[in-house]
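The structure under discussion appears below in the form of C-alpha cells.
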Amino acid sequence: MTLIVSSILSYLLKALPFYMKGLRFKENSFLYKTFEYAVYFIMGNIIINISLDNISLTQLYQINNGKLLATLLTLITSFVISKITGNILVSLIISSLFYLAASWSFT
C-alpha cells in the first residue's frame, strides 16, 4: 500500500507542472511555497545521491568526513544560489563546480 501511495505522489509531483502550466499562484501563497520547496528538495536529493554515490544510511557513518563536508557545503550553496538567482540550472552548474573544488580540497 505504501508503494502505491508513494508512486502516485511521485507521479503527481512530476506531472503536475505540465497540467498546471497556465495557472499562476500568488508569490507568497502556500501552494507557491510548497512547489518551490519541493523543487529544492528534489534538487538536494539529486545532489546528495550523486555526490555520495547513492549510499545507504548505514554506509553514511563510514564515509570520509571531507567528502561529507563537501556534499553538505554544496547542498547549502545550491540552495542559496537558487534562492538568489531563481534559476535552478544556474544553481546546479555553479554548485557542481563548487563540489569539484570542495571535494578536491577536502580529500
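Scanning region 83-107 for residues that are within 19 Å of A38 (Cβ to Cβ), open to solvent by 60 Å² or more (accessible area, probe 1.4 Å) and touching a residue at least 24 places away in the same chain (Cβ under 8 Å) returns I88, L92.
Among the residues of region 6-22, those identified as within 15 Å of V39 (Cβ to Cβ), open to solvent by 60 Å² or more (accessible area, probe 1.4 Å) and modelled with pLDDT under 75 are L13, K14, P17, F18. Scanning region 47-78 for residues that are surrounded by fewer than 17 Cβ atoms within 10 Å (Cβ to Cβ), at pLDDT 80 or above and under 24 Å from L13 (Cβ atoms) returns a single hit, I76.
The values are calculated or read from the model by the stated rules, or taken from the named source; none is laboratory data. Predicted model, so just to flag it, every value in this text is computed and none were measured. Here Cβ is always computed from backbone atoms with ideal geometry, including for glycine, and neighbour counts include all displayed protein chains. Side chains included, ligands, DNA and RNA excluded: accessible areas come from the protein's heavy atoms. Shrake-Rupley method; radii C 1.70, N 1.55, O 1.52, S 1.80 Å.
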